[in-house]
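Worksheet: the structure to be examined is printed underneath.
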Amino acid sequence: IWACPPLKGDDYIFYAKPEDQKTPKDSRLRQWYLDMLVECQKRDIVGKLTNMHDLYFTGENLDATVVPYLEGDYFSGEVENVIKNVEQGNNGKGGSKGKSSKKKKGKVDKTNKMRKGTRSGGLDDDFITGDEGSAKDSTKDPVMVELGNYIKPMKESFIVAYLNWEGAKPEHKEVPKDILDERERRRLEEANKISDEPSVKIEHSTRDRKGNRIQVIDDDKEEMECEVLNTRQDFLTLCRGNHYQFDNPRRAKHTSMMVLWHLHNRDAAKIVQMCAACGKDILSGVRYSCPVCPDYDLCPDCYKNPHVNRGACTHTLAQKTVEGDSNQNGSGNSSQLTEAQRNERTRNLKLHIQLLEHASRCNSAACTSSNCAKMKQYLAHNKTCELKVGGGCKICKRIWNLLRYHATNCKKETCSIPQCHMIRERIRQIAKQQQAMDDRRRQEMNRQYRMGHASN
């Protein structure tokens, strides 16, 4: 767990809170995490608690391959700074660490202040170096040594918690004696409570409220792809549009339930429009949207009623088909499919991708493929359609999903598939936005600890 509060505007969910509630500093957020983990220890959910520095950077054999590098994490971005600094030191550009740390206070090392090619601002060299940390130790990996020196002043912000699962090692289940005593006290209290209550047989229903049989899905058997969970930006967009929040238990449960619903209903509408007049959700049929006023839609009943108060909007409304109309009632729910049906669906998707690639390259008017001409018609429709995906055209939506699926896996420099480069560029832009967000968090964290070190 990286206990670092996101900057304002970067993480919507964290800031979905009352206006009078202040944003906690990193120390208070870290203490909140620790309090929650201690409670998890008392419930026998979590075992040993430690931090990244003590776990990976204090041993004799520093191994960079055992450190977990997660996308957007502090280490995956800051290690690029460390490698750059080590390379500059080895080439003689940055000088030795021992000498640079003994420079006079009035002089500033410009090579360290202007690090070219780094993704985020690192800590000053006089902050990370000292008698106990030297990247020149020939017996250890210099990158691991210097990275350990970077995170040592802030090691308490990188929390590691071991879960108590059936395959956990005994040393990972070690907890303080007071936690063991609390577990025993709770176990005895629960046992006494059960013995005092009359035995009641609880039957777990395997059917939903409509009488349909509920199928338990093994998530490991199927690769579940959902566009709103591909990147953090897409997930935050979904939360902003639907006001999904985690600021209290009721909303957190609702948000978790809806995220799982979107995962199992990938073709359903991601954001449901609400009628500006009556306030009801527009779930099916058509909606009437204003091309000028943002987020202004009317349901068919209010649009046909001449006495409806439309507020400040006096523009002509355009009719649009509700996104995911056929899936609002669960008809497209992939969780209702059997394993054979899911395998058939995956096979059909691959065949459609192959057909799309073939039709994009084929120039023959008499192609032997029976479906080539039909796919060419769909591609031509996608170019000339006026409704497009935003207008609710189902053909455009299917073609766009195929194009997006192809572009996600395409690695060719020159691809003949239409709009492949555009979609890939859009994916790269989203990745850059996420990278910039993570860089700002690292810079802010480094700045705070650098200022704390200077004050001390």
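The values are calculated or read from the model by the stated rules, or taken from the named source; none is laboratory data. These numbers come from a predicted model, not from an experiment. Glycine gets a Cβ as well: all are built from the backbone with ideal geometry, and neighbour counts include every protein chain shown. To get the accessible areas, we keep the full protein, side chains included, count just its heavy atoms, and leave off ligands, DNA and RNA. Shrake-Rupley method; radii C 1.70, N 1.55, O 1.52, S 1.80 Å.
When you check H254 against the structure, is it at pLDDT 75 or above, touching a helix residue (DSSP H, G or I) at 6+ places or on another chain (Cβ under 9 Å) and outside any loop (DSSP other than H, G, I, E, B), yes or no? The answer is no for H254. Annotation: of all residues in segment 388-397 being charged (D, E, K, R) and surrounded by fewer than 15 Cβ atoms within 10 Å (Cβ to Cβ), the one that is farthest from A268 (Cα to Cα) is K388. A Cβ distance below 6 Å, combined with a sequence gap of six or more or placement on separate chains, defines the contacts here; from segment 35-54, residues that are touching a residue at least 60 places away in the same chain (Cβ under 8 Å) reach residues that are open to solvent by 60 Å² or more (accessible area, probe 1.4 Å) and not in a helix (DSSP H, G or I) in the pairs K48/E174. Has segment 288-304 got any residue that is closer than 19 Å to K397 by Cα and in a loop (DSSP other than H, G, I, E, B)? Scanning segment 288-304, I find no residue that is closer than 19 Å to K397 by Cα and in a loop (DSSP other than H, G, I, E, B), so the answer is no. Of all residues in segment 237-258, those satisfying the criterion of being aliphatic (A, V, I, L, M) and surrounded by fewer than 17 Cβ atoms within 10 Å (Cβ to Cβ) are A252, M257, M258. Taking segment 299-318 as the search range and keeping residues that are in contact with a helix residue (DSSP H, G or I) (Cβ under 9 Å, 6 or more places away or on another chain) and modelled with pLDDT of 85 or more, which one is nearest to V389 (Cα to Cα)? Here the residue is L317. Scanning segment 399-426 for residues that are closer than 14 Å to K350 by Cα, basic (K, R) and open to solvent by 70 Å² or more (accessible area, probe 1.4 Å) yields a total of 0. Screening segment 319-331 for residues that are outside any helix (DSSP H, G or I) and buried (at least 16 other Cβ atoms within 10 Å of the Cβ) and picking the one that is modelled with the lowest pLDDT gives Q328. Exactly one residue out of E413, E444 is under 21 Å from the mean Cα position of the chain (by Cα) and more than 14 Å from N230 (Cα to Cα): that is E444.
For segment 257-279, the tally of residues that are over 15 Å from F235 (Cα atoms) and modelled with pLDDT of 85 or more stands at 4. Could you run through segment 427-456 and say how many residues are among the basic types (K, R) and open to solvent by less than 40 Å² (accessible area, probe 1.4 Å)? Summing the residues that are among the basic types (K, R) and open to solvent by less than 40 Å² (accessible area, probe 1.4 Å) in segment 427-456 gives 2. Filtered by the rule that a residue be under 12 Å from L403 (Cα atoms), open to solvent by less than 80 Å² (accessible area, probe 1.4 Å) and not hydroxyl-bearing (S, T, Y), segment 349-374 gives L349, I353, L355, L356, E357.
Here is a check on your reading of the model: is E171 surrounded by fewer than 17 Cβ atoms within 10 Å (Cβ to Cβ), of a type in the set (D, E), in contact (Cβ under 8 Å) with a residue 60 or more places away in the chain and out of contact with any Gly (no Cβ under 8 Å at 6 or more places or on another chain)? Taking the combined requirement at face value, the residue satisfies it. Consider segment 259-277 and keep the residues that are out of contact with any helix residue (DSSP H, G or I) (no Cβ under 9 Å at 6 or more places or on another chain) and part of a helix (DSSP H, G or I). The one that is surrounded by the fewest Cβ atoms within 10 Å (Cβ to Cβ) is L260.
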